[in-house]
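Below: the structure, in structure tokens.
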Amino acid sequence: MAEREYDASSHAPPAEVGEMELVHPRTFIGKYIWSQDAKVIAIQYGLTATAIGLVALVLSILIRLQLGFPNSVSLIDPASYLQHVTMHGMIMVVYLLTAILLGGFGNYLIPLMCGARDMAFPYLNMLSFWTYLLSVLILVAGFFVPGGSSGAGWTLYPPQSISPGTPGVDGGIVLMLVSLAVFIIGFTMGGLNYVVTVLQARTRGMTLMRLPLTVWGIFMATVMALLAFPALLVAALMLLMDLLLGTSFFMPEMLAMGEITEREGGSPLLFQHLFWFFGHPEVYIVALPAFGIVSDLLAVHARKNIFGYRMMVWALIIIGVLSFVVWAHHMFVSGMNPYFGFLFATTTLIIAVPTAIKVYNWVLTLWRGNIRFTVPMLFAIGFLFTFVNGGLSGLFLGNVTADVPLSDTYFVVGHFHMVMAVAPIMVIFGAIYHWYPKMTGRMLNDTLGKIHFWVTFLGTYLIYYPMHFIGLEGVPRRYYAYGETTFISDSVQTLNAGITIAAIIVAATQLLFLFNLAWSYFRGRESGPNPWQATTLEWQTPHTPPRHGNFGDALPVVYRWPYDYGVPGAKDDFIPQNVPPEAVEYLDGAHATGKGAT
Amino acid sequence: MAMAVALIVLAVGSVLFFLFSPWHLTPLASNWEAIDRTISISFWVTGLVFLAVTLFMALALVRFGYQKQRRSRYEPENKPLEAWLTGLTTLGIAALLAPGLFVWGSFVSVPEDAHEVEVVAQQWHWGFRFPGEDGTLGAARSSLIDAGNPFGIDPDDPHGQDDVLVENPRLLLPVDRPVKLILRSKDVIHNFKVAPFRAKMDVVPGQTSYFWLTPTQTGEFEAVCAELCGIAHFAMRAKVAVVEQPSFDAWLAEQPTYAELESLEPADPDAGAERFSACVACHGPQGEGQQAINAPRLAGLDRDYFTRQLHLFQSGARGTHEADRFGQQMRPFATSLSDQAIRDIAAYVETLPVTPTRDTIIGDAERGARLYRTCASCHGAQGAGMAAFKAPRLAGMNDWYLVRQLRHFRDGIRGRHPQDGYGNQMVDMAQILIDDRALADVTAYIGTLAQQTAASNVDATRTEE
């Protein structure tokens, strides 16, 4: 940071940022339905993702009812159990997490945080949302076709996923694959937009190394998604052809329902390689935006600069790159050549190093901070704890040897829910509590928020932590019932009942959160433009909520990095990014030159 | 403050849970203690890191709560600290990885003296093949599979002739001898898992995969499927018994070879018809069954199922449970039959006509249809049974018999015997019939299938004429 001198010319390069021409619609439909405003599109994404996420939440409760109280709900038979498991997984990973983090937060925050009027291609952005909505509708249609949705597990492994006898093979699987293809098309439109906006539409002075980590996280995740989703698209299309046209990309010489089929020469493992070539980066496509957002939440609410900013940026980039060479750790016991294990275990454990660095830096950001225990901060700390826990259990599974007995058990279920479900959801909740005032001009209710946090945080830990241990005992996942399995102790059933009760309580608490969202919209305390005293540009808009075009007449000029909290000598404990050096007030009345530089 | 307390409680609680939870790795029964060691090293290393990070975080929360007067420390980076942390983490990761890779080295190196067993998976049961005296497994392909050649062995490959075939889902392995398990699937992906062995691997159609181990403990273990393979995935079980070498040899010698199965005298339905006269007193002249003496219909049962059940009666795997009164009555008749007699009778019974039965159970066929969705996976949408799934005909069987047997399966009166592998599976599946109403409903639905079947049988007979 030695080069940081308060010289406005060096900090705000005089390059011209071209003004965007925006379409300002006058009708309600133009403003809120066929809107090209990234902020409206963000909320459309968010609401759609939340709605479909609630469906997946209900499915998870049905799954838990069967596991906790087997055969007590006559509606759930083995086929529907697997259908619920499949849809729950697919919806949560793709249609909720990916959509809300990139489509939701990406759309809302990228233009605002970069100091842009809107996304680079507003029309394409609108198209992206409507394509996403279409993909959700196609997916939901799967519930209603004869035979119902697919029950092949969210990984959709062939031959099972397209073989007769598998639930949903008559139509559900087709709709799921088509929906995925449509989703990817929609995402590609949005994703290109996010990348171009970050690279080309930043305001004057907003260098790459002055971007808030939120933008860095979403940016890297988008780049990764643009590279990873095509693998899924290809896999989905080839699987569709195998199903509908009778090709054999993934289908070997085999029997189906006891009868010899016409299939020949395909490779089931090829699908798994394609799927996980997408699937592993997907973990980080969800994680990196969460990493970025949580960095900002911690800095703002601990009133402290993020520790090791440059290291954080590089860690994001390194994780993004490495995540493309670890995919086969999902396949250690898949029957692929076992010698692959050496390579993929090594790359997988290497990725733990930049990830660990991020954790250290978050924790060191708290150290000697001035921590406000606001609701967003509670969720951020909840994320840290959960992520550390889930990350560490990943070291078992990534280490090929330890993975052998643990794969396909509840250890895996516990691990990926901790790291891929609870951790990002913690950040998503934290982010909603954090940015809701900017989106609506009102604060969310604090008491409801705290209840929501504590029940969700403690409840999810009670749900997922013990799962690791029954996995250790060998309890397999994706089992409708356990019957009299000799190696499973009776106490597992007691635990399963307990987990189910915890899950129901946690799920019910989410309704409280939805109520809070609705109630506060009308009755919440007015927030003012910058309730958290944050430095980044979205809090410096002339209007709250920001209007179309974000920044009124003139785009802001950026003079500093986004983490000027607790600058020594400065009067306020935060200096927004757009405050020029000469405007900073110091306690001793002195002025800018040289002061505060580190 | 609350948050700091929560973090400390969670961290300490998690460690206590680890130490005192009732769930651990199952007692090891193979040579793979190195896998257990890797897991326990991982627990200690990650446990320490978890405690350190969480407690440090809690300390930060306690010490640096918000005070209006105070400022946070402005420290954008601290290169030496970051370098140290990176270095230490890299070392820690290397310490975890190195032993893991070392063990993986032995996992992928099968000892030269390992004997081979082929595990053959299909929806939803296991079969096993030993290479026989020549020590080499014969070539096999899925496209060669039929009722007479369930393993798909190539009849032209001389190595296949002496292969020993185990169709019953019960595998014996000799203790303290390394074994290479070669895995093959007929249909979808499965995974052969015996928890106390630790090692496991997917079974993938179109290729073979393998793993090896040395069983070190005698006893009987349960094999399960650990890769989602369809609706009865959870009921796809087998038994693996680890025994001393002599018992293993004796057992293996009892199992038929491929050549023996091929050269078996064909079953003779005419001879079966004669022998069937011993059965008619109870089961009726056309095997139509008599409710008054609780003798079920036999007509239309496939020979595979029929043979298997009589053998189960013979060995005491069926008809010995104290609550199975009528099964007990059947046992002495079954034990009086020779293997050839059973095969002949089975061939005859298969030819007997399936005629409509009288409804004696009242149930809601519409509700039953939904329940039957699960049954259809193996017994077929029309209830005609599917030999490949070892699933007998249901349509056309007496409804009172079906209800009783389903109840017996559900309550573990039938199907619990360790030698009755497919019965074991049916016990698991019957759990979906949560009450007597469900039993009646599904049986009522099966009754409607019987009428359709009967109608189509009449058509078929006409066509033949």
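The values are calculated or read from the model by the stated rules, or taken from the named source; none is laboratory data. Not measured: the values here are computed from a predicted model. Note: ideal-geometry Cβ built from the backbone for every residue, glycine included; neighbour counts use all protein chains shown.
Observations on the model:
- Taken over the stretch A:535-584, the criterion of being away from chain B (no Cβ under 14 Å), exposed (fewer than 14 other Cβ atoms within 10 Å of the Cβ) and over 20 Å from A:His24 (Cβ atoms) is satisfied by A:Glu582, A:Ala583.
- Screening B:Gly65 with (1) among the small types (Gly, Ala, Ser); (2) more than 7 Å from chain A (Cβ to nearest Cβ); (3) surrounded by fewer than 18 Cβ atoms within 10 Å (Cβ to Cβ); (4) more than 40 Å from the chain's Cα centre (by Cα) gives one miss only, at (2).
- Test: residue in the stretch B:190-206 that is modelled with pLDDT under 95, of a type in the set (D, E, K, R) and within 21 Å of B:Phe151 (Cα to Cα): no
- Out of B:Asp134, B:Asp156, one residue alone is in contact (Cβ under 8 Å) with a residue 12 or more places away in the chain and more than 11 Å from chain A (Cβ to nearest Cβ). It is B:Asp134.
- Here the stretch B:197-215 is the region considered, the condition is being under 17 Å from B:Cys225 (Cβ atoms) and of a type in the set (A, V, I, L, M), and the residue that is surrounded by the most Cβ atoms within 10 Å (Cβ to Cβ) is B:Val203.
- Where B:Asp249 falls short, out of the listed (1) assigned to a helix (DSSP H, G or I); (2) closer than 26 Å to B:Val194 by Cα; (3) touching an Asp or Glu at 6+ places or on another chain (Cβ under 8 Å); (4) not hydroxyl-bearing (Ser, Thr, Tyr): (3)
- Within the stretch B:345-370, being buried (at least 19 other Cβ atoms within 10 Å of the Cβ) and within 18 Å of B:Pro392 (Cα to Cα) holds for B:Ile345, B:Ala346, B:Ala347, B:Tyr348, B:Val349, B:Glu350, B:Leu352, B:Val354, B:Thr357.
- Only one entry of A:Pro338, A:Pro354 meets the criterion of being at the interface with another protein chain (Cβ under 7 Å from one of its Cβ atoms) and surrounded by fewer than 23 Cβ atoms within 10 Å (Cβ to Cβ), and that entry is A:Pro338.
- Test for B:Val108: is it touching a helix residue (DSSP H, G or I) at 6+ places or on another chain (Cβ under 6 Å) and farther than 30 Å from B:Val427 by Cα: no
- One residue stands out in the stretch B:371-421 among those that are aromatic (Phe, Trp, Tyr) and buried (at least 20 other Cβ atoms within 10 Å of the Cβ): the one that is nearest to the other protein chains (Cβ to nearest Cβ), namely B:Phe389.
- One residue stands out among those in the stretch B:171-196 that are of a type in the set (Lys, Arg) and within 14 Å of chain A (Cβ to nearest Cβ): the one that is nearest to B:Gln122 (Cα to Cα), which is B:Lys186.
- Yes/no for A:Ile110 being more than 14 Å from chain B (Cβ to nearest Cβ), modelled with pLDDT of 95 or more and surrounded by fewer than 24 Cβ atoms within 10 Å (Cβ to Cβ): no
- Looking only at residues of the stretch B:255-280 that are in contact with a Leu (Cβ under 9 Å, 6 or more places away or on another chain) and not in a helix (DSSP H, G or I), we find that the one that is surrounded by the fewest Cβ atoms within 10 Å (Cβ to Cβ) is B:Pro256.
- Where B:Val203 falls short, out of the listed (1) under 26 Å from A:Thr261 (Cα atoms); (2) more than 14 Å from chain A (Cβ to nearest Cβ): (2)
- Condition met for A:Phe271 (in contact with a Pro (Cβ under 7 Å, 6 or more places away or on another chain), assigned to a helix (DSSP H, G or I) and within 12 Å of chain B (Cβ to nearest Cβ)): yes
- Residues of the stretch B:319-376 classified as touching a Pro at 6+ places or on another chain (Cβ under 8 Å) and outside any loop (DSSP other than H, G, I, E, B), total: 4
- Unique match (being over 30 Å from B:Pro76 (Cβ atoms) and in a helix (DSSP H, G or I)) among A:Phe278, A:Phe249: A:Phe278
- Subset tally (residues that are within 8 Å of another protein chain (Cβ to nearest Cβ) and part of a loop (DSSP other than H, G, I, E, B)) for the stretch A:252-263: 5
- Listed by first and then second residue, the pairs with beta-carbon distance under 6 Å, at least 6 apart or on different chains, first residue in the stretch B:405-425 and over 16 Å from B:His379 (Cα atoms), second among the aromatic types (Phe, Trp, Tyr), are B:Gly415/B:Phe409.
- Of all residues making up the stretch B:21-52, the number that are more than 8 Å from every other protein chain (Cβ to nearest Cβ), loosely packed, with under 15 Cβ neighbours inside 10 Å and part of a loop (DSSP other than H, G, I, E, B): 1
- Residues satisfying the stated conditions in the stretch A:310-335, i.e. within 11 Å of another protein chain (Cβ to nearest Cβ) and either in a loop (DSSP other than H, G, I, E, B) or touching a Phe, Trp or Tyr at 6+ places or on another chain (Cβ under 6 Å) (or both): A:Phe332, A:Val333, A:Ser334, A:Gly335
- Residue match in the stretch B:85-96 (condition: over 23 Å from A:Leu349 (Cα atoms) and in contact (Cβ under 8 Å) with a residue 40 or more places away in the chain): no
- Residue check for B:Val194: in contact with a Ser or Thr (Cβ under 9 Å, 6 or more places away or on another chain) and either under 26 Å from A:Pro164 (Cα atoms) or buried (at least 23 other Cβ atoms within 10 Å of the Cβ) (or both): yes
- Selection of the stretch B:303-318 for residues being in a helix (DSSP H, G or I) and either in contact with a His (Cβ under 8 Å, 6 or more places away or on another chain) or not acidic (Asp, Glu) (or both) yields B:Arg303, B:Tyr305, B:Phe306, B:Thr307, B:Arg308, B:Gln309, B:Leu310, B:His311, B:Leu312, B:Phe313, B:Gln314, B:Ser315.
- Failed condition for A:Ala518, given (1) under 30 Å from A:Tyr563 (Cβ atoms); (2) under 24 Å from the mean Cα position of the chain (by Cα); (3) surrounded by fewer than 16 Cβ atoms within 10 Å (Cβ to Cβ): (1)
- Only one of the listed residues (A:Pro281, A:Pro268, A:Pro252) is on the phi < 0 side of the Ramachandran plot, crowded, with 21+ Cβ neighbours inside 10 Å, touching a residue at least 24 places away in the same chain (Cβ under 8 Å) and in contact with a Gly (Cβ under 6 Å, 6 or more places away or on another chain). That residue is A:Pro252.
- Cβ separations smaller than 9 Å between residues 6+ apart or across chains give the following pairs from the stretch A:358-374 residues that are over 19 Å from B:Val5 (Cα atoms) and at the interface with another protein chain (Cβ under 7 Å from one of its Cβ atoms) to residues that are among the hydrophobic types (A, V, I, L, M, F, W, C) and crowded, with 21+ Cβ neighbours inside 10 Å: A:Val359/A:Leu384; A:Val359/A:Phe387; A:Val359/A:Val388; A:Val359/B:Val53; A:Tyr360/A:Phe307; A:Tyr360/B:Val53.
- Pairing each residue of the stretch B:330-342 that is within 14 Å of B:Glu265 (Cα to Cα) and of a type outside the set (Val, Ile, Thr) with any residue that is assigned to a helix (DSSP H, G or I) and modelled with pLDDT of 85 or more, provided the two are 6+ apart or on different chains, yields C-beta distances under 6 Å for B:Ala341/B:Arg275.
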